[in-house]
1. Going by alpha carbons, how many degrees (0 to 90, nearest 10) lie between the helix axis of 139-156 and the longest principal axis of the chain?
2. Give me the percent of Cα-Cα pairs in the chain that sit more than 34 Å apart, rounded to a whole number.
3. At 1.4 Å probe radius, can you tell me the per residue accessible area of the chain in Å²?
4. Out of LYS180, LYS231, LYS60, any idea which swings most in a Gaussian network model of the chain, alpha carbons joined below 10 Å?
5. Taking Cα atoms, how many degrees apart are the long axis of helix 273-284 and the longest axis of the chain, rounded to 10 and kept between 0 and 90?
6. Mean residue ellipticity at 222 nm from the helices of the chain, using -39,500 (n - 2.57) per DSSP H segment of n ≥ 4 over the full residue count, to the nearest 500 deg cm²/dmol?
7. Quick check: the distance between the Cα centres of segment 49-68 and segment 107-153, to the nearest angstrom?
8. Can you pull the percent of segment 262-322's accessible area that's carbon plus sulfur, 1.4 Å probe, other chains left in place?
Amino acid sequence: MIRRNRILRQSPSVRSMVRETILQPADFIVPVFITEGQGTQHEISSMPGYFRFSLDLVVKELEACYALGIRSALLFVKVPDELKDNTGKEALNENGLMQRSVRAIKKALPDMVIMTDVALDPYSSFGHDGIVENQQIENDKTVEVLAKMSVSHAKAGADFVAPSDMMDGRILAIREALEKAGNHQTGVMSYAAKYASCFYGPFRDALDSAPGFGDKKTYQMDPANRLEAIKEAQMDVAEGADIIMVKPAHAYLDIIREVKNEVKIPVSAYHVSGEYAMIKAAAKAGYLNEEQAVAEVLTAIKRAGADLIATYFAKQMAQTLKK
Ligand code: PBG
């Protein structure tokens, strides 16, 4: 034997010397669910340990995240039923919950990178990501609203808009609308390869945004497809995306790697609600060690090629890293 591979594994010091993937708090994007009210926090039953906060408490939560080294947050709002319709009108309200949240958070934490979810599902009476006509999701009419919504978020102070809807052509439309409005510094993080996944279930509980009829398979991708993810990513780069996202993450490590190899811009991955819930449930049942499982999965997502990871474990992992 002239090559003994165990030499490089013999002690913690040697292993730390040759470690290829190291997580840091700035890798994480912390998703937050915001609701109307004051001083309220509500645990999401299918996401143990994760809360929907009123705006005052979200600010506190993000201050804690920032202190731990996390530098970006992705905002989602829960919209009251009476404000939902089929046009996304509330999504454009200058004083809507999203717009107020962006202003308040940027005021308290000017250095936190604020990203906003852009899609109609929280605002839609049908629970779909677009405008519905004859049971169909209307692509081009939806894109018009998404572009206006993005400008509205940018005007409120969002650093990045994050379209999660999977309509065609929306990245170009959003970039053009931002330019026209003078928001030259606002970035676009595109959910480029977003799969029609069962792992979004707990998220839909959190925002009460489950589709009222059918499913999302006419716009989100078929989990069986790989080449399509590369095509989506390349097109969104060409349309002006600054960051490309793959979603979900844990079950799609191959896609993260392939997209990373293809595009020359940062790649993010969304470790989604169901992927969070699985680890929580297994840990609660005593089947695995939560802290180790979280570290291993997030390291795997980074190793696969994710420069950024949106994860509900962001704060918890940042706390672990601090120890
Ligand atoms: C909706 C949206 C979803 C998620 C992010 N934005 C759900 C969906 O597409 O139905 C899922 C996030 C998660 O499950 O953590 N545009």
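1. Computed tilt is about 80 degrees.
2. 20
3. On the way: 14860 Å² over 323 residues.
Per-residue accessible area for the chain comes out at 46 Å².
4. LYS180
5. Long axis of 273-284 versus the principal axis of the chain: about 50 degrees.
6. Using -39500 (n - 2.57) per qualifying helix, the result is -12000 deg cm²/dmol.
7. Going from one Cα centre to the other spans 23 Å.
8. 52
The values are calculated or read from the model by the stated rules, or taken from the named source; none is laboratory data. Not measured: the values here are computed from a predicted model. Ideal geometry is used to build each Cβ from the backbone, glycine not excepted, and the neighbour counts take in all protein chains shown. These accessible areas exclude ligands, DNA and RNA; they are computed on the full protein's heavy atoms, side chains included. Shrake-Rupley method; radii C 1.70, N 1.55, O 1.52, S 1.80 Å.
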